[in-house]
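Working notes for the structure below.
Please treat every number below as a calculation from the coordinates, not as lab data. Just so you know, these numbers come straight off a predicted model, no measurement behind them. We place every Cβ from the backbone using ideal geometry, glycine too, and count neighbours over all the protein chains shown.
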Amino acid sequence: MAKKGDVVIQIEKCKGCEVCISACPHEVLAMSEEVNSKGYHYAVKVNSACTGCANCAVVCPDAVITVYREK
Amino acid sequence: MIMAENLKNPENLVYEKTKVLTDRVLHYCPGCGHGTAHRMLAEAIDDLGIQEETIGVAPVGCSVLAYYYFDVDMTEAAHGRAPAVATGIKRVMPEKYVFTYQGDGDLAAIGTAETIHACNRGENILIVFVNNGIYGMTGGQMAPTTLENMKSTTSPRGRDVKTMGAPLKITELIAQLPGTYYVARHSVHTPANARKTKRALKKALEYQKEEKGTCFIEVVSNCPSNWKMTPVESNKWMEENMFPFYPLGDIKVPQ
Ligand SMILES: Cc1ncc(C[n+]2csc(CCOP(=O)(O)OP(=O)(O)O)c2C)c(N)n1
Ligand code: SF4
Ligand code: SF4
Ligand code: SF4
Ligand SMILES: [Mg+2]
């Protein structure tokens, strides 16, 4: 079984570009209904299928995402 | 749930923003490749453990404020002159790792002479060239790199090669010069591409230590704001239109 991972999204830093969404192989991420203080929809986790592959974090232009993966 | 919470502790950390980037919020537009290109270069510097020995030269263009974001010694050059400034720095401090970070307007228009001559002299520097086919900062004017038929504010009906010349593949031109050692073209719009870019930048910095000559890494990138597309659309447009003309991969590799 794939290892379990998790992401932490700094929502105030997110600019809502959506580049991370399609980079995730497990459709873990989607855009929020709410907006942050700058008025951007931000990336949110919508399921617990994250494997900690870091794809989303690598392509995020604003370094918004931190990734964890079980050892 | 408890499992998931427990995951978020330091020993499970696999990816966070490198310390070679400061905590400042980037001024770039949403989805702009400059941010990812900065981070790949910063991670390459981090991986090699050379943060204290690296000096960067920022350009004029959207990345004019790069010195706010890289936590290394940096200076700012007049438009297009970064390779000349980097030449001076490297010659005075040959033990340092010296890079320039430049857009296509900066490097391939106003700075063409400095670019070509630094490369021809084989200056022992890394040139990072972010090609988005447009003058991003000033509002989307045509650049030498603008594709045929591509619209910009100064080619509103599309670039007509008869009157405006053909788009300039300056990277292929540079690769002809004996002074260049390693020349490659990459992108940062997908995880796999971004990782390749980082590997190329790392290799280039390693060659600099070995005093091999100029290393030149182009990053074909987007400008969602001036291309007037969403970031995701711009990346798709880039794949469909920029990559056929500016193919990714190695252009000159050490023999
Ligand atoms: C001597 C001089 N000429 C013109 C300008 C105006 N100017 C500022 S940025 C720029 C072009 C930047 O385009 P590029 O290098 O492609 O960077 P991008 O913003 O697309 O990343 C120009 C022409 C200037 N600042 N200085
Ligand atoms: S780390 Fe990988 S699996 Fe987890 S959200 Fe990011 S892209 Fe998806
Ligand atoms: S790539 Fe980064 S800035 Fe863009 S939506 Fe995802 S988290 Fe936000
Ligand atoms: S204008 Fe274009 S190149 Fe400049 S920050 Fe915005 S998207 Fe990036
Ligand atoms: Mg440009």
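Helical content of chain B, expressed as a calculated mean residue ellipticity at 222 nm, amounts to -9500 deg cm²/dmol (DSSP H runs of 4 or more residues, -39,500 (n - 2.57) each, divided by residue number, nearest 500). Remark: mean inter-chain Cβ contacts per residue of B:230-236 equal 3, using a 10 Å Cβ-Cβ cutoff to other protein chain atoms. Two numbers describe the Cα atoms of region B:34-95: Rg and Dmax, which are 11.6, 31 Å.
Reported value for region B:95-179: 89 Å³ per residue, from the convex hull of its C-alpha atoms. Note on chain A: helix-only mean residue ellipticity at 222 nm, from DSSP H runs of 4+ residues weighted -39500 (n - 2.57) and normalised by residue number, equals -2500 deg cm²/dmol.
Positive contributions from Lys and Arg (+1) and negative ones from Asp and Glu (-1), summed over other residues with Cβ under 10 Å from the Cβ of B:Tyr28, come out at 0.
Relative contact order of chain B, please, whole-number percent, based on alpha carbon pairs below 8 angstrom and at least 6 residues apart. Dividing the mean separation by the residue count of chain B yields 19 percent. Rg then Dmax, both in Å and based on the Cα atoms of chain A: 11.6, 40.
On the principal axes of its alpha-carbon atoms, region B:130-181 has extents of 38, 26, 11 Å, going from largest to smallest.
Peptide B:26-37 has a mean of 5 when you count, residue by residue, the C-beta atoms of other protein chains within 10 Å of its C-beta. Between B:Thr180, B:His79, B:Leu168, the Cα set farthest toward the positive side of the dipole of chain B (charges on each charged residue's Cβ, about the Cα centre) is that of B:Leu168. Averaged over the residues of B:178-191, the number of partner chain Cβ atoms lying within 10 Å of the residue Cβ comes to 2. As a calculated quantity, the FRET efficiency between B:Asp160 and B:Ala78 at R0 = 35 Å, using C-beta atoms, amounts to about 0.70.
Only Lys, Arg, Asp and Glu carry charge here, each on its Cβ (+1 for the first two, -1 for the last two); on that basis chain B has a dipole of about 580 debye about its Cα centre.
What number in nm² do you get for chain B if you take the convex hull of its Cα atoms and divide its surface by four? Result: a mean projected hull area of 14.7 nm².
Across region B:165-245, Cα-Cα pairs farther apart than 17 Å form 55% of the total.
With the convex hull of the Cα atoms taken as the outline of the protein assembly as shown, the averaged projected area works out to 17.3 nm².
If you wrap the tightest convex hull around every Cα atom of region B:1-147 and split its volume per residue, you get 130 Å³.
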